[in-house]
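Let me begin by presenting the structure, written as structure tokens, before commenting on it.
The values are calculated or read from the model by the stated rules, or taken from the named source; none is laboratory data. Computed from a predicted model, the values in this text were never measured in an experiment. Methodologically, a virtual Cβ is constructed for each residue, glycine included, from the backbone with ideal geometry; neighbour enumeration extends over all protein chains shown.
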Amino acid sequence: MTAKSLERNKVLCLGRTYCDIIFTGLHDMPVLGRERFARDVTIVAGGGAYITAAHLASLGRPAALLTRLGTDPLSLALDPELEASGIDLALVERSHDAGPQPTVALVKDGERAFISRRAGTSRPASLEKALSVPDIAHLHIAEFATLKDNPDVIAMAKGQGLTISLDPSWDDQLIRRDTGFFEICSGIDVFLPNVEEGEALTGERSAEAILHHLQKHFPVVVLKRGEHGAMASCGTDYVSAEALPVNVVDTTGAGDAFNAGFLHSWLDTSDIRGSLTAGIKAGALSVQSAGGAPPRLL
């Protein structure tokens, strides 16, 4: 790498930040009119932008979080974890209308269900300024909902010479029903869906068919397959990698951790095979504890 590229190596992670309340050790999922009890509960910072940034920082990659946080007690309670994460928090915006944003996650036998609240707008006032920070090399957008709210961010990032990645993140209204999805995503360099999102976007059933379909729209496509590993394509290159055998405690944020591992490697090497392996390793580390952030923060 040149001296210039070493100076510009930070990843800017854009998206909403949530307070994750994660219940594990459930015998049964709740049903209307019945109370269920969990063995354990973990309360941590969440959201794809934060989780990816935290894993990037743990890998030694400079990472900045671009998000809006509330001034309510639940939002303020996240501060100790955020400050311990190693993430550059200079671009975090505080506003009374940005919170609280809780996510309740119910985990049973490795599967999970969520309910979340989104508050206010996802557009930080410092968005344009953040994209021009000299050491930023790459923009990672943590959910399509954020891109949908800020469709001009791709052009602004490209104008600063940044590469861009997107994890669409499941949203039934936007992923399944937004007919303008691919037009809004035009200019994304690395697309990082899971199989469920890929099926909804393409109508295809097999992982191979999903990958081929998405390759028409994105230069690099990475398809996350959970316990079946991951696949990726870049031009005429197609690679796959198996998942690592680990004791799964909670899969919350595993895809975001995978994104960090993949991007950290890809930004240095452009090698999708090695980057796929790095992504799987990061995802495997994440699922061995409750919450999405690196274990040292939980």
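Look at Thr146 and say whether it is touching a Ser or Thr at 6+ places or on another chain (Cβ under 7 Å), outside any helix (DSSP H, G or I), in contact (Cβ under 8 Å) with a residue 24 or more places away in the chain and within 30 Å of Ala284 (Cβ to Cβ).
Judged against the criteria, Thr146 is not a match.
Based on what the data block shows, is Ile51 closer than 23 Å to Lys148 by Cα, among the aliphatic types (A, V, I, L, M) and not in a strand (DSSP E or B)?
Working: closer than 23 Å to Lys148 by Cα: yes; among the aliphatic types (A, V, I, L, M): yes; not in a strand (DSSP E or B): yes.
Spelling it out, Ile51 is indeed closer than 23 Å to Lys148 by Cα, among the aliphatic types (A, V, I, L, M) and not in a strand (DSSP E or B).
Taking Glu81 as the residue in question, decide whether it is under 19 Å from the mean Cα position of the chain (by Cα), of a type outside the set (A, V, I, L, M) and surrounded by fewer than 20 Cβ atoms within 10 Å (Cβ to Cβ).
Yes, satisfied.
Which residue, of Arg61, Arg8, Arg36, is free of Cβ contacts under 8 Å to residues at least 24 places away in the same chain and surrounded by 13 or more Cβ atoms within 10 Å (Cβ to Cβ)?
Arg36
Can you find even one residue in region 156-168 that is crowded, with 21+ Cβ neighbours inside 10 Å, part of a helix (DSSP H, G or I) and hydroxyl-bearing (Ser, Thr, Tyr)?
Looking through region 156-168, none of the residues is crowded, with 21+ Cβ neighbours inside 10 Å, part of a helix (DSSP H, G or I) and hydroxyl-bearing (Ser, Thr, Tyr).
Residue pairs, Cβ under 6 Å, 6 or more apart or interchain, first in region 113-134 and under 22 Å from Gly253 (Cβ atoms), second of a type in the set (A, V, I, L, M, F, W, C). List them.
Ala113/Leu106; Phe114/Ala105; Ile115/Val104; Ala119/Ala98; Pro124/Leu66
Out of Asp20, Asp28, report the one residue that is at pLDDT below 95 and closer than 23 Å to Pro100 by Cβ.
So the residue among Asp20, Asp28 that is at pLDDT below 95 and closer than 23 Å to Pro100 by Cβ is Asp20.
Go through region 234-262 and give me each residue that's hydroxyl-bearing (Ser, Thr, Tyr) and either buried (at least 22 other Cβ atoms within 10 Å of the Cβ) or within 27 Å of Thr24 (Cβ to Cβ) (or both).
Selection gives Thr251, Thr252.
Given the criteria surrounded by 16 or more Cβ atoms within 10 Å (Cβ to Cβ), without any contact (Cβ under 8 Å) to a residue 40 or more places away in the chain and farther than 29 Å from Ala284 by Cα, does Ala200 qualify?
Details: surrounded by 16 or more Cβ atoms within 10 Å (Cβ to Cβ): yes; without any contact (Cβ under 8 Å) to a residue 40 or more places away in the chain: yes; farther than 29 Å from Ala284 by Cα: no.
Answer is no for this residue.
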